[in-house]
Amino acid sequence: MNKRREFVRMIVWTVPAIFLGLLICYLFLPLMGVSPSEAFTTMVTGVFSDRFTMGNILIKATPLILTGLAFSFTYKANLYNIGAQGQFYVGCMFAAAISLRLGEKIPGPVVMILAFLGAMAGGGLVGFIIGFLKAKAGANEFLVSMMSTYVIIYLLQYSLGSWLQEDKHEYLKTNSLKKDVWLPKIIDGTSVSLGIVIAVAAAVIVWLILYKTTFGFRVRVTGQNINAARLSGINPKKEYMIAFAVSGAIAGLAGFTEINGMQHMLLTDFEGSIGSYGIGIAIMASANPIGVIFAALLFGFLQVGGTVLSHSTDAPASVIDLMLGFVMLFVLMSFFFRRKYELRTMKKQALTKEES
Amino acid sequence: MEQNRITQSPVVEIDHVSKRFAKVLANCDVSITLNRGEVVALLGENGAGKSTIMNILYGIYHMTSGEIRVDGVRQNISAPRDAMALGISMIQQHFSLVGAHTVTENIILGNVKGRIDYEEAERKVQELSDRYQFGVSAKAKVGDLPVGMQQKVEIMKALYRKCRILIMDEPTAVLMPQEIDTLMEFIRSFAAEGNSVFFITHKMREVMQVADRIVIMRNGRVSGTVSKSEVQMSDLARLMIGHDLEVLSRTSHDERKRAVRLRVDHVSVERKGELPLLKDIDFEIHEGEILGVAGVSGNGQDALCEVLYGALRPTAGRITLDGKDISSLNVAQHIALGIGSCASDRHRYGMVSDMSLSENMMLKSSYLHRWDKRGWISWKKVDRYTQEKIDQYTIKAPDPSVTIGSLSGGNQQKAVVAREVDMGQNFVIFDQPTRGLDLGAINYVHKTILKEREAGKSILLVSTELSEVFTLSDRIAVICEGKIMGIFRNGELTTEQIGMLMAGVPIEDLPEAAGSVRNDQPEGSALQHTGKGDGIHE
């Protein structure tokens, strides 16, 4: 009963915020010489007219779901993992390295399972190191995770210039993956691969872990009341390390779905902003794993729609970021106003209770 | 002669001020006046609203209703800056000093503009220090100074700003005894110059040392104002005791026939350079016995409960439960041994407000595999158990899925008590189990505690409410500044005598000798005092 009311409240506040954000964004379009009404029709018809473009929404959403989940998981422990981008890159490196090195020696499905596990292990290791520094040395996880991304970006560039570089040694990228280690396509006429299924399954599993297991319970208790956690026999430092490792593993998994499912090779500056988008998605979904799926789909839609818009009108490509920015801003503002409104009603209730 | 110093002209008048936060009424209709040359002590438990009302005067919080007058003029103090302009300064419990800067730099911070004449500033600061005999060097680095000196720097900051109304929030909490004495001397001489002081504390002895007038606060209200000349330390103890309680029937038995369950053997918690939290605590609790710990809050009760629950390691001594050494076990291991603990501050330590009632009921047992198979929780099981407890304890909650934070305080506490009583199959710690509850809920909690005693559990009851300790305990230990002042059978001492012990008066100095015995193994004659003696319940 309570949960349903909570759900309804979220819809009532969030959906109008999204539309308001889009509306304001459209009001800016005349400045770029685009008519708002034309832009709106182009975007909707452009996106939903053919299968391939619609499929792109799912493709864009796949890694975003995973980085959104990564941020959500640590957020539940009241930690901030700003470094999903770096953990994603490490996942990419592991997936690419395993797929390339083992590609011809053992059967494709086995390689993919190894790449899947390797990507998670790689991302998880980075996450664990951050959690370890937080727990044992009291380091600020926000800064450490953020800086770790920069370190990893240079590590990636170095690797692409040396041991992972293509045989031609021309560009900073790897060889293409052999076809038998590509994730199978699941919808005809699109490039949508099994990756989206993995991402959605990951969201469901994260939800199950958080809400149905004692482990997830302890993570949530640690996040909501660290003092009560300590006096309940929970060791917050341990929870920090595990939560960060899990978070890193989820971000690393995005590396696998991107490398084996979509790009089939690794290059520099690859999907450079999915980490930061993931943070926005998680915040928009209030860190609810299932909500992350929908928030990621919205981001996917805006990205694809924005691309269509910039291709078929005079609007610059940055219109995508403009839309994302406005939608994010309004959703965050809606949280603020919702909190204010709820506090005020709570105060009022308390007052009427006292008077009666 | 002392009285002449204080003129009857109010400097500060706090007039019917209330302060409401979203959920709590922190101050309700508080009226306090402060006269020129007067030291007013605000005495009360933690959470009684002392700091809140002073933070309002200092402009950190804003009142919901009421008014404040300074020198008879109504003032709207919206920020500390406004307060300082009126000559009001507040020294917070946690200092706001820059450790890497010198004393002078800290003091002139925020009081200088443009080019700084360091020599001139240093001279002024040194003068100030010498005038009050602080012994602080203007050139010293603040980070190198001991806590007592740092406090003096804070005071000098206020003096430098020509402050005439000084608010001190628990200034002695961090000080060593000698430092407390010099602080008290300063306050007296500062007031003697015609300045006024608000002194927030929960220690009765300090109040008697320094205050001219004492305002006692309780639950956000002023519950009494007395002048020092007309009050005794024992009266203060009684003023801090709340309402009377329904008399509960309690069977008395001689606990010495029963087996010892918990043995606390010369336990201390002392860290280098800090005041000891606990000093040489030594007692035992038998099966089916309630040991009450009486004391003014902040005298080591929290540390005692934490040590017994594994949240704090003793630095000396050992603790055994049924003969097994538990002093080095962690909290989870304590829980597994059947020890329950109702923390004094349930919001902070005993529950997770935004989680459901069910989730809160399984808070302590997440490692016990009571509700899960290989880590997968059966919420059905937890919900059923929670519903049972809702019915059994008549907790007013629609169903187990509501958040515990949405329940009233009494119902939250009932839920926490239900859980801890169940977790503590051998030994239960109740730290202020009825703080902030209404009479009905208090009664219910008391009945529960007595029922658990009948069931043979050992119980440690920490309370600042003397009446509660008297109603429930078999034996009473009095704690003051981390030391046990003595352990007595219930009925051996009067309220006044216990009050004196709580205030730190050693047992030898009590006005009437407390019977012939003072240790925890009374002989012969004392036995007839089991249960409740006359004169304890007024």
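The values are calculated or read from the model by the stated rules, or taken from the named source; none is laboratory data. What you see is a predicted model, and the numbers here were worked out from it, not measured in a lab. Note: ideal-geometry Cβ built from the backbone for every residue, glycine included; neighbour counts use all protein chains shown. Only protein heavy atoms, including side chains, enter the accessible area calculation; ligands, DNA and RNA are left aside. Shrake-Rupley method; radii C 1.70, N 1.55, O 1.52, S 1.80 Å.
Filtering A:Thr268, A:Thr213, A:Thr222 for residues that are among the β-branched types (Val, Ile, Thr), farther than 17 Å from A:Thr67 by Cβ, in contact with a strand residue (DSSP E or B) (Cβ under 7 Å, 6 or more places away or on another chain) and open to solvent by less than 60 Å² (accessible area, probe 1.4 Å) leaves a single hit, A:Thr213.
The number of residues in segment A:102-127 that are more than 26 Å from A:Lys179 (Cβ to Cβ), open to solvent by less than 80 Å² (accessible area, probe 1.4 Å) and not small (Gly, Ala, Ser) comes to 1.
Is it the case that segment B:455-475 has a residue that's buried (at least 22 other Cβ atoms within 10 Å of the Cβ), within 30 Å of B:Leu175 (Cβ to Cβ), out of contact with any Asp or Glu (no Cβ under 9 Å at 6 or more places or on another chain) and at pLDDT 90 or above? Among the residues of segment B:455-475, not one is buried (at least 22 other Cβ atoms within 10 Å of the Cβ), within 30 Å of B:Leu175 (Cβ to Cβ), out of contact with any Asp or Glu (no Cβ under 9 Å at 6 or more places or on another chain) and at pLDDT 90 or above, which makes the answer no. Going by the structure shown, is B:Leu43 closer than 25 Å to B:Arg188 by Cα, at pLDDT below 90 and in contact with a helix residue (DSSP H, G or I) (Cβ under 9 Å, 6 or more places away or on another chain)? Criteria met by B:Leu43. Among the residues of segment A:215-267, those identified as under 30 Å from B:Ile339 (Cβ atoms) and among the hydroxyl-bearing types (Ser, Thr, Tyr) are A:Thr222, A:Ser232, A:Tyr240.
Can we say A:Ala287 is small (Gly, Ala, Ser) and either open to solvent by 50 Å² or more (accessible area, probe 1.4 Å) or assigned to a helix (DSSP H, G or I) (or both)? For A:Ala287, the condition - small (Gly, Ala, Ser) and either open to solvent by 50 Å² or more (accessible area, probe 1.4 Å) or assigned to a helix (DSSP H, G or I) (or both) - is not met. Taken over segment B:309-325, the criterion of being away from every other protein chain (no Cβ under 14 Å) and more than 19 Å from B:Glu420 (Cα to Cα) is satisfied by B:Pro314, B:Thr315, B:Ala316, B:Gly317, B:Arg318, B:Ile319, B:Thr320, B:Asp322, B:Gly323, B:Lys324, B:Asp325.
Among the residues here, A:Trp182 does not qualify as open to solvent by 30 Å² or more (accessible area, probe 1.4 Å) and within 14 Å of another protein chain (Cβ to nearest Cβ).
Please verify whether B:Ile68 is over 22 Å from B:Tyr160 (Cβ atoms), open to solvent by less than 20 Å² (accessible area, probe 1.4 Å) and part of a strand (DSSP E or B), treating the condition exactly as stated. Taking the combined requirement at face value, the residue satisfies it.
Evaluation of B:Phe488 against the conditions (1) surrounded by fewer than 21 Cβ atoms within 10 Å (Cβ to Cβ); (2) within 23 Å of B:Gly300 (Cα to Cα) shows that the sole unmet condition is (1). Screening B:Asp399 on (1) among the acidic types (Asp, Glu); (2) within 13 Å of chain A (Cβ to nearest Cβ); (3) in contact with a strand residue (DSSP E or B) (Cβ under 8 Å, 6 or more places away or on another chain) shows it passes everything except condition (3). For A:Lys348, the conditions (1) within 14 Å of chain B (Cβ to nearest Cβ); (2) touching a Leu at 6+ places or on another chain (Cβ under 8 Å) all hold with the exception of (2).
Out of the residues in segment B:326-339 meeting the condition of being over 12 Å from B:Leu262 (Cβ atoms) and more than 10 Å from chain A (Cβ to nearest Cβ), tell me which one is surrounded by the most Cβ atoms within 10 Å (Cβ to Cβ). Within segment B:326-339, the match that is surrounded by the most Cβ atoms within 10 Å (Cβ to Cβ) is B:Leu329.
For segment B:340-354, the criterion of being touching a Pro at 6+ places or on another chain (Cβ under 9 Å) and within 14 Å of another protein chain (Cβ to nearest Cβ) is met by at least one residue.
With respect to the conditions (1) within 14 Å of another protein chain (Cβ to nearest Cβ); (2) not in a helix (DSSP H, G or I), A:Ile205 lacks only one, and its number is (2). Contact map, segment A:212-225: first residue more than 7 Å from every other protein chain (Cβ to nearest Cβ), second residue assigned to a helix (DSSP H, G or I) and of a type in the set (Asp, Glu), Cβ cut-off under 8 Å, separation 6 or more or different chains; pairs are A:Val219/A:Glu239; A:Thr222/A:Glu239.
So, in segment B:405-418, how many residues would count as being closer than 11 Å to B:Leu357 by Cα and either surrounded by fewer than 23 Cβ atoms within 10 Å (Cβ to Cβ) or away from chain A (no Cβ under 11 Å) (or both)? Residues flagged as closer than 11 Å to B:Leu357 by Cα and either surrounded by fewer than 23 Cβ atoms within 10 Å (Cβ to Cβ) or away from chain A (no Cβ under 11 Å) (or both) within segment B:405-418 amount to 6.
Which one is surrounded by the most Cβ atoms within 10 Å (Cβ to Cβ) among residues in segment B:419-449 that are within 28 Å of B:Gly44 (Cα to Cα) and among the small types (Gly, Ala, Ser)? Looking at residues that are within 28 Å of B:Gly44 (Cα to Cα) and among the small types (Gly, Ala, Ser), I get B:Ala441.
The residues on offer are B:Val226, B:Val222, B:Val136, and the sole one that is open to solvent by less than 40 Å² (accessible area, probe 1.4 Å), in the same structural domain as B:Val17 (by TED's automatic domain parsing) and within 23 Å of the chain's Cα centre (by Cα) is B:Val226. Residues in segment B:362-401 that are assigned to a helix (DSSP H, G or I), free of Cβ contacts under 8 Å to residues at least 40 places away in the same chain and of a type in the set (A, V, I, L, M): B:Val382, B:Ile390.
Inclusion of A:Ser37 among residues that are part of a helix (DSSP H, G or I), of a type in the set (Gly, Ala, Ser) and surrounded by fewer than 22 Cβ atoms within 10 Å (Cβ to Cβ) is warranted. Taken as a whole, segment B:282-293 holds no residue that is more than 8 Å from chain A (Cβ to nearest Cβ), on the phi < 0 side of the Ramachandran plot, of a type in the set (A, V, I, L, M, F, W, C) and open to solvent by 10 Å² or more (accessible area, probe 1.4 Å).
Within segment B:358-396, work out how many residues are surrounded by fewer than 17 Cβ atoms within 10 Å (Cβ to Cβ), of a type in the set (D, E, K, R) and facing chain A (nearest Cβ under 8 Å). Selection size over segment B:358-396: 0.
Taking the condition in contact (Cβ under 8 Å) with a residue 60 or more places away in the chain and either open to solvent by 60 Å² or more (accessible area, probe 1.4 Å) or not small (Gly, Ala, Ser) (or both), does B:Met63 pass? Criteria not met by B:Met63. Do we find that A:Thr174 is open to solvent by less than 80 Å² (accessible area, probe 1.4 Å), within 14 Å of chain B (Cβ to nearest Cβ) and in contact with an Asp or Glu (Cβ under 7 Å, 6 or more places away or on another chain) in this structure? So A:Thr174 does not fit the description; no.
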